[in-house]
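The values are calculated or read from the model by the stated rules, or taken from the named source; none is laboratory data. These numbers were taken from a predicted model, which means no experiment stands behind them. Note that each Cβ is placed from the backbone with ideal geometry, even for glycine, and that neighbours are counted across all protein chains shown.
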Amino acid sequence: MRVLVTGSAGHLGEALVRVLRGDGFDVVGLDILASPTTDLVGSIDDRAVVREAIAGADAVLHAATLHKPHVDSHTRQDFVDTNITGTLALLEEAVAAGVSRFVFTSTTSAFGRALVPPPGAPAAWIDEAVAPRPKNVYGATKVAAEDLCELVHRDHGLPVLVLRTSRFFPEEDDREEVRAVHPAANAKVNELLYRRADLVDIVDAHRLALERAPQIGFGRYIISATTPFTRADLAELRSDAPAVVARLFPAYPEVYERLGWAMFGEIERVYDNARARAELGWAPRWDFGRALQRLAAGEDPFSELTAQVGVKGYHAVATGVYTTRDR
């Protein structure tokens, strides 16, 4: 199968190209940045570039995007050009080229204001039934791109699956208050409880989406590590998250104390990946329980693929933790 991977110089794009090529796929990488995993340098909002990249492709994995960290460095028009116009170009050229399946990498940021309940309310349980309430141009353009995916599927029959991925970037948290209290690995392991997935599991979800798209037709899926929490935990998670985690993982306090780590005091939302597990057959392996076991054994709590791809950053200018590694 010949697969076009957009955003091939980014975290997910590089990982997809690495894994797919290793498994024998014929992969074409497209990105605005040159890289070892990029075959064609150009923008997805350039129809000529998209047409050249998609020629002969059987499938598209569309991971290229302007991300949340770009909100402070790019204009709203930049977001529209890349995330909406670029996605439309890919969808329409995919139809014209006879592509058999299309997977769009979206984000749980699409839920926006639905993610943080008012003070005193239980944590939010986030599944695909929750209506998006974007709080910035990133979320707004990703939701619009999702809707274009559904529209093109309805009008032209192109099988399209939308994967709303949670956090998987290896950079430190952009919030100073989090960095001041929690080392980077500490914060990321905490997030595996409710709002993060390991890169290798994100790649696996895309592989399965490629396989299942023709049978499913169209679908939206939350892609995040399987949470150990249930709806019954939501009230206490907002008031005393460490107590809930200790009840579910009695070994966690000792491991964290040895490392000098701390659990978040409250957890405001929980992502539910049940639909992705049921309909895609996705079985994420890197969850909080596994990370805790590896930490207890003195091992890295994250996958080798995460380490191989490493920190990339998002900006060519100095903008804190998201500065590109070339600076």
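Does Asp39 qualify as being of a type in the set (Asp, Glu) and either buried (at least 21 other Cβ atoms within 10 Å of the Cβ) or free of Cβ contacts under 8 Å to residues at least 24 places away in the same chain (or both)? Break it down stepwise before answering.
Details: of a type in the set (Asp, Glu): yes; either buried (at least 21 other Cβ atoms within 10 Å of the Cβ) or free of Cβ contacts under 8 Å to residues at least 24 places away in the same chain (or both): no.
Taking the combined requirement at face value, the residue does not satisfy it.
Name the strands (runs of 3 or more DSSP E) wholly within the stretch 1-88 that hold at least 3 residues that are over 19 Å from the mean Cα position of the chain (by Cα) and either more than 18 Å from Val162 (Cα to Cα) or among the β-branched types (Val, Ile, Thr) (or both)?
So the answer is 26-31.
Could you list, in sequence order, all residues of the stretch 212-232 that are under 21 Å from Phe111 (Cβ atoms) and either surrounded by 17 or more Cβ atoms within 10 Å (Cβ to Cβ) or under 20 Å from the mean Cα position of the chain (by Cα) (or both)?
Residues satisfying the conditions are Phe218, Gly219, Arg220, Tyr221, Ile222, Ile223, Ser224, Ala225, Thr226, Thr227, Pro228, Phe229.
Working only within the stretch 215-246, note down all residues that are out of contact with any helix residue (DSSP H, G or I) (no Cβ under 9 Å at 6 or more places or on another chain) and charged (D, E, K, R).
Arg231, Arg238, Asp240
To keep it simple, each residue is scored yes or no on (1) aromatic (Phe, Trp, Tyr); (2) surrounded by fewer than 22 Cβ atoms within 10 Å (Cβ to Cβ).
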position	(1), (2)
Glu92	no, yes
Phe104	yes, no
Ser109	no, no
Ala114	no, yes
Gly120	no, yes
Val137	no, yes
Lys142	no, no
Ala145	no, no
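Say we look at the stretch 141-178 and pick out the residues that are out of contact with any helix residue (DSSP H, G or I) (no Cβ under 8 Å at 6 or more places or on another chain) and not acidic (Asp, Glu); which of these is modelled with the lowest pLDDT?
If we filter the stretch 141-178 for residues that are out of contact with any helix residue (DSSP H, G or I) (no Cβ under 8 Å at 6 or more places or on another chain), which is where we start, we get 147, 150-151, 153-155, 157, 175-177.
Now drop any that are not not acidic (Asp, Glu), which leaves 151, 153-154, 157, 175.
Values: Leu151: 98, His153: 98, Arg154: 98, Gly157: 98, Arg175: 71.
Once the filter is applied, the top-ranked residue is Arg175.
So that you can scan it fast, the table gives a plain yes or no per residue for (1) touching a Leu at 6+ places or on another chain (Cβ under 8 Å); (2) part of a helix (DSSP H, G or I):
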site	(1), (2)
Glu177	no, yes
Val200	yes, yes
Ala205	yes, yes
Ala209	yes, yes
Ala213	yes, yes
Thr226	no, no
Arg238	no, yes
Trp261	no, no
Gly265	no, no
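Determine whether Ala235 is among the hydrophobic types (A, V, I, L, M, F, W, C), surrounded by fewer than 15 Cβ atoms within 10 Å (Cβ to Cβ), touching a residue at least 40 places away in the same chain (Cβ under 8 Å) and over 27 Å from Leu161 (Cα atoms).
For Ala235, the condition - among the hydrophobic types (A, V, I, L, M, F, W, C), surrounded by fewer than 15 Cβ atoms within 10 Å (Cβ to Cβ), touching a residue at least 40 places away in the same chain (Cβ under 8 Å) and over 27 Å from Leu161 (Cα atoms) - is met.
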